[in-house]
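What follows is one structure encoded as structure tokens, with my remarks underneath.
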Amino acid sequence: MALVHCDFYAETLGMSTSMTVILPQRTASQIGMAGTAPAGAPPTLYLLHGLSDDHTIWLRRTSIERYVAPLGLAVVMPRVDRSFYADEEHGHRYWTFLSEELPEVCRSFFRLSDQPADTFVAGLSMGGYGAFKWALRHPERFAAAASLSGALDVASRSPDSDRPLDARVWHTVFGDRPVAGSPDDVLHLLDAAAGRRAPLPRLYVTCGTEDFLYDDNVRFVEAARERDVPVTVRFGPGGHDWAYWDTWIQDVLAWLPLPPARPAG
């Protein structure tokens, strides 16, 4: 594998930002880890971080580099701060950065497949929300999307609710604009996507039963099933922590509809 820490300028943000990228490499003599890569441009997983983290966190808290080495999969981990992957009301255009500029920048820097069948998105907590928001707003771009302990009912966490998000974060991201029924409401996006009857990416939801976001995830799964939207569900014991996410990202990787990788030799 090649590991790239990339600092670059983002036009949509009007400032420099960073991403961590794992690129597949065929290796024949590396001790302790097999490396594979496709013959052409590799498939890509956009892997999104949570509210308190950044683009380095998946690499620091899990063995994601080792997990993807035999898969021939590139992994792009961008930094979006505490934006909820939205165009912030009082901040930066992180949704536009994520959904428009980032893929173009990545494909200009690195040899990555531009085919929807080779493109996936996943994330944890705020990143699970971001993954589903991206996949449901642009289903034609992805083959699969996964949420690990996702914040899948953000609209119910307004400052005047009985389980509010940090008021400062809410004000910066959403201001006074309504979230329920908007493009920032994943449950609304699910309803709209089901109504179009267009093909959707494969969806995967996992959350621990002791997680404070468990009820949000149950609500999403129930809404998907009511609308006949297929979703793979993995509920079981666990909290909102890296022990859970390190375990279940491996299941996500096994679930992805990846093309066969070419081994070394």
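All of the numbers you see were taken from the coordinates with simple rules; none came from a lab. Computed from a predicted structure; not experimentally measured. Positions of Cβ are generated from backbone atoms using ideal geometry, with glycine treated the same way; all protein chains shown enter the neighbour counts.
Assorted remarks:
- The length gained on full extension between TRP242 and THR209, counted as 0.36 nm times the residue separation minus their Cα-Cα distance, comes to 10.4 nm.
- When peptides 73-81, 239-247 are sorted by average Cβ neighbour count within 10 Å, with the highest value leading, the order is 73-81, 239-247.
- For GLU210, neighbours were defined as the other residues whose beta-carbon sits under 15 Å from its Cβ, and their charges (Lys and Arg +1, Asp and Glu -1) total -3.
- The calculated FRET efficiency for SER18 paired with GLU226, based on their beta-carbon distance and R0 = 51 Å, is about 0.80.
- Likely footprinting exposure, HIS171, HIS5, fewest C-beta neighbours within 10 Å first: HIS5, HIS171
- Phi angles of region 169-176 translate, via the Karplus equation with coefficients 6.51, -1.76, 1.60 and θ = phi - 60°, into HN-Hα couplings of 5, 4, 4, 5, 7, 10, x, 9 Hz per residue; Gly and Pro are given as x.
- DSSP bridge pairs, the chain: antiparallel proportion in percent, nearest 5: 40 percent
- Between helix 186-196 and the chain: long-axis angle, C-alpha atoms, 0 to 90°, nearest 10: 80 degrees
- Taking the C-alpha atoms only, the angle from helix 126-137 to the longest principal axis of the chain is near 90 degrees.
- (1) 59, 40, 36; (2) 50, 48, 39; (3) 57, 38, 30, with the label sought being that of the calculated Cα extents along the principal axes in Å: (1)
- The 3J(HN,Hα) values that the Karplus relation (6.51, -1.76, 1.60; θ = phi - 60°) gives for region 227-238 are, in residue order, 9, 6, 9, x, 8, 7, 10, 10, 9, x, x, x Hz. Gly and Pro appear as x.
- Likely footprinting exposure, LEU48, LEU189, fewest C-beta neighbours within 10 Å first: LEU189, LEU48
- Report summary: the helix-based calculation at 222 nm, which adds -39500 (n - 2.57) for every DSSP H run with n ≥ 4 and divides by the residues of the chain, gives -8500 deg cm²/dmol.
- The stretch between HIS138 and ASP81, if pulled fully straight at 0.36 nm per residue, gains 18.3 nm over its current Cα-Cα span.
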